[in-house]
Amino acid sequence: MEYIVKYFDKIPDWEKVEPIKVTTFSWGGDYRPYVEARVIVLSNKGFMVRMDCEEANPKAVYTQMNSAVCKDSCLEAFINFKPNLENSGYINFETNVKGALHSAYGQDRHNRQFLTDMGINAPIVFNTKDEDKWSCEYLIPFTLIREVYGDDNFKKGDVIKANFYKCGDETEVPHYASWTKIDTENPDYHRPEFFGDLIIG
């Protein structure tokens, strides 16, 4: 799976940006809300992520930074901005409709560090909620990427590794969607070996 990340000088009309369809349900289930993700490079600022979900009543209990938002109705982006660096890891950005963000860095599920514990300001999440859908949007500044990876330079053709998810561990109907298929017996999003390619265009 691959997706071309395009440059924009200002925040675009998101409807005109090609979507990433988060529609793979590796572990089955009848509840399958439709989700799209979009990623752009905002010139001189950083990467912007926008995710939209068709869901009328998203569960939202958690309000604190780095709380267990995956138990709510949750939209998630896991991104390794520098996969060619030795021992590089990925950052997970997980948010509910209230804008509570859970964000940490590491190579796998274990030994992860919250960005805030690393002395890094986590992105601010902007959410919208309509009658039958909700969305989240946030900027990942180049400065944040440099603080994590020591490098924030990107050129055309560079490959970033990522996956995008929708989940709800403790919702009325637990559900697990992803962009790329995850070949594990049980739900597990911390599997970078199944990430797809985001190619800088």
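The values are calculated or read from the model by the stated rules, or taken from the named source; none is laboratory data. Here the structure is a predicted model, which is why all the values come from computation and not from measurement. Cβ placement follows ideal geometry from the backbone for every residue including glycine, while neighbour counts extend to all protein chains displayed.
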Residue satisfying condition, being in contact with a Ser or Thr (Cβ under 6 Å, 6 or more places away or on another chain) and at pLDDT 95 or above, within set L115, L42: L115
Would you please list the contacts, defined by Cβ atoms under 6 Å and residues six or more apart or on different chains, that run from a residue in region 150-163 that is surrounded by 15 or more Cβ atoms within 10 Å (Cβ to Cβ) to a residue that is in a loop (DSSP other than H, G, I, E, B)? I160/F81; K161/P83; K161/F195; A162/F195; N163/W179; N163/T180; N163/F195
Over region 28-43, the set of residues over 13 Å from the mean Cα position of the chain (by Cα) and closer than 22 Å to D197 by Cα is Y34, V41, L42, S43
Just to verify a result, which residue in region 135-165, among those that are aromatic (F, W, Y) and under 15 Å from the mean Cα position of the chain (by Cα), is farthest from G46 (Cα to Cα)? Y165
Would you be able to say whether some residue in region 98-116 is of a type in the set (G, A, S), buried (at least 22 other Cβ atoms within 10 Å of the Cβ) and more than 21 Å from P187 (Cα to Cα)? yes
Residue by residue through region 150-173, note down the ones that are of a type outside the set (S, T, N, Q) and touching a Gly at 6+ places or on another chain (Cβ under 9 Å). D152, K156, G157, K161, A162, F164, V173
Given the residues N163, N96, which is the only one that is touching a strand residue (DSSP E or B) at 6+ places or on another chain (Cβ under 8 Å) and closer than 20 Å to Y62 by Cβ? N96
Single match in Y7, Y62, Y34, Y3 (criterion: of a type in the set (S, T, Y) and without any contact (Cβ under 8 Å) to a residue 24 or more places away in the chain): Y34
Would you be able to say whether some residue in region 30-37 is of a type in the set (K, R) and part of a strand (DSSP E or B)? no
Mind listing whichever residues of region 1-59 are farther than 24 Å from D152 by Cα and either touching a His at 6+ places or on another chain (Cβ under 8 Å) or among the hydroxyl-bearing types (S, T, Y) (or both)? T23, T24, F25, S26, G29, Y31, R32, P33, Y34
Candidates T128, T143 - the one that is modelled with pLDDT of 95 or more, loosely packed, with under 15 Cβ neighbours inside 10 Å and assigned to a strand (DSSP E or B): T128
In this structure, is Y189 among the aromatic types (F, W, Y) and outside any loop (DSSP other than H, G, I, E, B)? no
State whether one or more residues within region 81-89 are in contact (Cβ under 8 Å) with a residue 12 or more places away in the chain, touching a Phe, Trp or Tyr at 6+ places or on another chain (Cβ under 6 Å), under 22 Å from H175 (Cα atoms) and in a loop (DSSP other than H, G, I, E, B). no
Unmet requirement for K59, which otherwise passes all of (1) surrounded by fewer than 21 Cβ atoms within 10 Å (Cβ to Cβ); (2) in a strand (DSSP E or B): (2)
